[in-house]
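The values are calculated or read from the model by the stated rules, or taken from the named source; none is laboratory data. All figures in this text were calculated on a predicted structure; none of them were measured in a lab. Positions of Cβ are generated from backbone atoms using ideal geometry, with glycine treated the same way; all protein chains shown enter the neighbour counts. These accessible areas exclude ligands, DNA and RNA; they are computed on the full protein's heavy atoms, side chains included. Shrake-Rupley method; radii C 1.70, N 1.55, O 1.52, S 1.80 Å.
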Amino acid sequence: MLKSVLGKLLGSANDRIVKSYDKTVSLINDLEPKYHAMSDEELRGQTQVFRDRMANGEKEKNILADAFAAVREASIRTTGMRHFNVQLIGGMVLNNGQIAEMRTGEGKTLVATLALYLKALSGKGAHLITVNDYLASRDAEWMGQIYKFLGMTVGIIQHDMTDDERREAYRCDITYVTNSELGFDYLRDNMKFTKEQQVLRPLHYAIVDEVDSILIDEARTPLIISGAAEDTSELYSKVDDVVVKLVADDFKKDEKDRYVTLTETGVDTATRLLREVGLLVGDNLYSPENAALVMHIQQSLLAHHLYQKNVNYVVRNGEIIIVDEFTGRTMTGRRFGKGLHQAIEAKEHVQVQPENQTVSSISYQNLFRLYPTLSGMTGTAMTEAAEFEEIYKLRVVTIPTNRPVARVDHHDEIYRNKQEKFEAIVKQIKDCLDRKQPVLVGTVSIESSEELAGYVRRMLGVEPAVLNAKHHESEAHIVSQAGAPGALTIATNMAGRG
């Protein structure tokens, strides 16, 4: 009870952190007339003034208020947007190497400009890391107006850039890049023979957008660069012909731990079938001579019984393209390891590409811990606050909304089967569309998004916009129309689509 009373009097720990920034916010607001009165040239010249102050030994915290006031004024003159007080607090949280949890629509993209500018004054570079190329490109162009107005350089990393183009982009004061591009650039740099060939400079500071998606959901996702290994592509097709003949009693699968193994009956059946096609050496499937064969069977079983088309991957132009389970986007150029990709190619009867072996690898968790100062922002971080603290030593701070939240968050509803769930969804959609209210429906996979879209067409006679890995190229257009009156959008994972 005493704890409850003290909590009401003193506020929560989060409230006290937010309140501790009030004095600095007031100071920034007091400086606003000073920077508003400056000409464009005078305002641009402040960047060099700040750099000189830092070069003369002045601490970053002593420059913060002036730097934030300058960014706010530059934003007003270039984008027409003025940072709210809560956004200034968000910028300070990011600058302190913490995670700012801000509701969708509170302007995280604009908040990042404050911390990026201040950190970039040191000349060591600052990175804004996003979940996809579209966001990196959009934000670099949109927010880049502010940085360029203040005399800073802005770089953007895109998938098809050369090493020289990447090197130039990373040399900029502020660089926008996706998590995967950054990871692979780091791996490739570690394979270079000289420092001059590397594209990255020493990591200094980063803001991770959708930080829960990248640092928690994808934390252990390995980034792998592979090299050519012995070509066994023909063997995958032959093993596939054997595996498709196995029946349910021949194997058991565990979807949670993602493995499929042969039962005793399955071993006998596989042994007989492999002997018939001349692949088995001797009579024992598990003899050392057949070790590679067992691996091929294992991967083929996984391909057929755990990896589903239009869920885990799509087939496009005769290629197997992975679908990111966390973002619902296709990952062109990425391949499953340990022969699984070849097994899926054999399953889908497309050309089986030569197998590769791992040359260099790192996980996102290890990659981002290389930054001396790391921060992040998202709409949903507090639920993983303990993990952020334990793994990355990052504290989560919830930033208040600029205005009171009008949205009502209802409790979850649970249904006995898919039919009942779809009927409830369609009923809710119809109610919203009758009122010309735009509707966004999130699904977990390509398959479920298209199944629900088909159900909506049959029941309501409405054509929804479907956003998933199959329609990746249309993402920007679909998202831009999603808020129109009466619009209905069905999409896979929402990360970065707010």
Inspect all residues belonging to the range 232-241 and state whether any of them is modelled with pLDDT under 85 and either part of a strand (DSSP E or B) or at positive phi (or both). no
So which of Gly57, Gly90, Gly97 ends up being open to solvent by less than 60 Å² (accessible area, probe 1.4 Å), assigned to a helix (DSSP H, G or I) and small (Gly, Ala, Ser)? Gly90
Could you go through the range 347-355 and let me know if any residue there is of a type in the set (A, V, I, L, M, F, W, C), in contact with a Leu (Cβ under 9 Å, 6 or more places away or on another chain) and at pLDDT 90 or above. no
From the list Ser237, Ser233, which residue is open to solvent by 30 Å² or more (accessible area, probe 1.4 Å) and small (Gly, Ala, Ser)? Ser237
When the range 423-447 is checked residue by residue, the ones that are under 25 Å from Asp324 (Cβ atoms) and either open to solvent by 100 Å² or more (accessible area, probe 1.4 Å) or modelled with pLDDT of 90 or more (or both) are Ile425, Val439, Leu440, Val441, Val444
Kindly indicate whether Ala126 is touching a residue at least 12 places away in the same chain (Cβ under 8 Å), surrounded by 20 or more Cβ atoms within 10 Å (Cβ to Cβ) and over 17 Å from Asn95 (Cα atoms). no
Within the range 334-374, how many residues are open to solvent by less than 40 Å² (accessible area, probe 1.4 Å), small (Gly, Ala, Ser) and closer than 20 Å to Val260 by Cβ? 3
Ile207 vs (1) in contact with a Phe, Trp or Tyr (Cβ under 8 Å, 6 or more places away or on another chain); (2) open to solvent by less than 20 Å² (accessible area, probe 1.4 Å); (3) modelled with pLDDT of 95 or more: all pass except (1)
Look through the range 146-193, keep the residues that are under 16 Å from Tyr205 (Cβ atoms) and hydroxyl-bearing (Ser, Thr, Tyr), and return whichever of them is surrounded by the fewest Cβ atoms within 10 Å (Cβ to Cβ). Thr153
When you check Ile224 against the structure, is it closer than 30 Å to Met92 by Cα, in contact (Cβ under 8 Å) with a residue 40 or more places away in the chain and crowded, with 18+ Cβ neighbours inside 10 Å, yes or no? no
Test each condition in (1) surrounded by 14 or more Cβ atoms within 10 Å (Cβ to Cβ); (2) not in a loop (DSSP other than H, G, I, E, B) for Pro400 and report the one that comes out false. (2)
Scanning for something assigned to a loop (DSSP other than H, G, I, E, B) and either in contact with a strand residue (DSSP E or B) (Cβ under 8 Å, 6 or more places away or on another chain) or not charged (D, E, K, R) (or both), does the range 143-150 turn up at least one residue? yes
